[in-house]
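Engineer: Before we start, here is the structure in question, set down as structure tokens.
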Amino acid sequence: MPANQWRLSHRTLPVGRIPLLMGVVNVTPDSFSDGGRFYEPASAVEHALRLAAEGADLLDIGGESTRPGAEPVSPSEELRRVLPVITALRRQTAVPLSIDTSKALVAQEALAAGAEAINDITALAADPAMPALVAESGCGVVAVHMQGDPRTMQQNPSYQDVIGEVLAYLRRRRDALLAAGIAQERIALDPGIGFGKTTEHNLALLRAIGQFHGLGCPLVVGVSRKRFIGQVLGDPAAERTFGTIGAALAAARQGVQVLRVHDVAAVRQALLLFEAGGGR
Ligand code: HH2
């Protein structure tokens, strides 16, 4: 049975017939699709409130780009970017917030400012303080699969069996988080589309994502505006929103519980019509 809820610090998000939408708020100068657009706190807050109004179920605030080749950012710089945004949003919207970070210091301050989940592309493996922080605070967590690190991950991604290896990794990380005292219903798992994967790897994972329900946790998938969309279309420069919608529906058909997207209104409308037309 696919998981039908995801517990955060102060509430449980029930998963209905279509996936929950996690709206992307990048407070960065260099994110791959919207870098610099929401770098000022006021514009990030305005953007996040727009995504909330469009129907986002969760807002994911990030202060460090993880696009291929991106350079790391110090914890103090990451905090300088995200904290004012989280603090302002906590006052202005009831939509739950997640912090997209791999650093316990950043996550801890973000939780103190009102974030209710940690979205970590290293699956809580990069910073040894992360698992205990999540266990003690009782927040939700997203553990993402990545091969390598953002600086080098797209240089030569290779797998013998991409589905088996990503599944096994997420199972190991789930077990490590359970052993650290994190409740299973707080753990969401993400195959990490684009994180050390070729277009073929991404498509194989997307086609097989239904198999990941066996892990017993809600699944998060981030296809939004990613490079593989341009490659499938044979046009790397193509506008990627329409392709994002197609990939989102492929995930929804397989019961994915959470989609991380930039274009909340577009994906939400597509999902509502998908559901009205019979769904999966
Ligand atoms: N993708 C990105 C960042 N964070 N988190 C999860 N759980 N899943 C994803 O697929 C994922 C993620 C990359 O996208 P974006 O935030 O738009 O770009 P950047 O990392 O350049 O800020």
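Each reported figure results from applying straightforward, stated rules to the coordinates on display, with no laboratory input. Note that this is a predicted model, so its numbers are computed, not measured. Virtual Cβ from ideal backbone geometry, glycine too; neighbours counted across all protein chains shown.
Engineer: Determine the sum of side-chain charges near residue 43: Lys and Arg each +1, Asp and Glu each -1, restricted to other residues whose C-beta is under 11 angstrom from that of residue 43. Could the numbers behind the result be given before it?
Structural biologist: On the way: positive: 37, 50; negative: 34, 40, 46.
Neighbour charge sum, excluding residue 43 itself: -1.
Engineer: Could you tally the net charge around residue 78, taking each other residue with its Cβ under 9 Å from the Cβ of residue 78, Lys/Arg +1 and Asp/Glu -1? Before the final figure, lay out the partial values.
Structural biologist: Values: positive: 80, 81, 103; negative: 64, 77.
Net charge around residue 78: +1.
Engineer: Right, here's the next one. Given points 7 Å out from each Cα along the Cα-Cβ axis, report the residue 37 to residue 183 separation in nanometres with one decimal.
Structural biologist: Roughly 3.7 nm, to one decimal.
Engineer: If you take every residue apart from residue 147 with its C-beta less than 12 Å away from the C-beta of residue 147, what net charge results, scoring Lys and Arg +1 and Asp and Glu -1? Mind showing how you got there, number by number?
Structural biologist: Working: positive: 197; negative: 149, 165.
Cβ neighbours under 12 Å give a net charge of -1.
Engineer: How compact and how long is the range 148-280, expressed as Rg and Dmax of its alpha-carbon atoms in Å?
Structural biologist: 15.3, 46
Engineer: Using 7 Å Cα-to-Cβ label points, what is the residue 46/residue 105 separation (nm, one decimal)?
Structural biologist: Distance between the two pseudo-spin positions: 3.2 nm.
Engineer: Just how far, in whole angstrom, is the range 24-51 from the range 162-233 if you go by their alpha carbon centroids?
Structural biologist: Using only Cα atoms to place each centre, the spacing works out to 25 Å.
Engineer: Over the Cα atoms of the chain, what Rg and Dmax result, in angstrom?
Structural biologist: Looking at the chain, its Cα Rg and Dmax stand at 17.1, 48 Å.
Engineer: What per residue convex hull volume, in Å³, comes out for the range 106-201 when only alpha-carbon positions are used? Don't skip to the end; give the middle numbers.
Structural biologist: Working: hull volume 9.3 nm³, N = 96.
Cα-based convex hull of the range 106-201, divided per residue, equals 97 Å³.
Engineer: To continue, here is another question. I'm a student and want to see the number: the projected area of the Cα convex hull of the range 1-116, averaged over all directions, in nm². Could you put the intermediate results ahead of the total?
Structural biologist: Numbers: hull surface 30.9 nm².
Directional mean of the projected Cα hull area for the range 1-116 stands at 7.7 nm².
Engineer: Along its three principal axes, how long is the range 51-187 when you only count alpha carbons? Whole Å, largest extent first please.
Structural biologist: 48, 33, 31
Engineer: Take the Cα pairs of the range 209-273, get the Kirkwood Rh, then feed it into Stokes-Einstein at 10 °C and 1.306 mPa s and tell me D in µm²/s. Walk me through the numbers on the way to the answer.
Structural biologist: On the way: Rh = 12.3 Å.
This corresponds to a translational diffusion coefficient of 129 µm²/s.
Engineer: Follow-up question, since we're still on this one. Please give the calculated 222 nm ellipticity per residue for the chain, where each DSSP H segment of at least 4 residues contributes -39500 (n - 2.57) and the sum is spread over every residue; nearest 500 deg cm²/dmol? All intermediate terms of the calculation are to be shown ahead of the outcome.
Structural biologist: Details: 9 runs with 108 residues, N = 280.
Per the formula, -12000 deg cm²/dmol.
Engineer: Which listed residue (142, 168, 254) has the Cα farthest towards the positive end of the charge dipole for the chain, taking +1 on Lys and Arg C-beta and -1 on Asp and Glu C-beta about the Cα centre?
Structural biologist: 254
Engineer: Between residue 4 and residue 266, take the C-beta separation as r, use R0 = 25 Å, and let me know the FRET efficiency to the nearest 0.05.
Structural biologist: Details: r = 25 Å, r/R0 = 1.02.
Efficiency at R0 = 25 Å is approximately 0.45.
Engineer: Restricting to bridges with both residues inside the chain, how much of the DSSP beta-bridge set is antiparallel, in percent to the nearest 5? Each step should come with its number before you reach the end.
Structural biologist: On the way: 3 of 30 bridges.
Counting DSSP beta bridges with both partners in the chain, the antiparallel share is about 10 percent.
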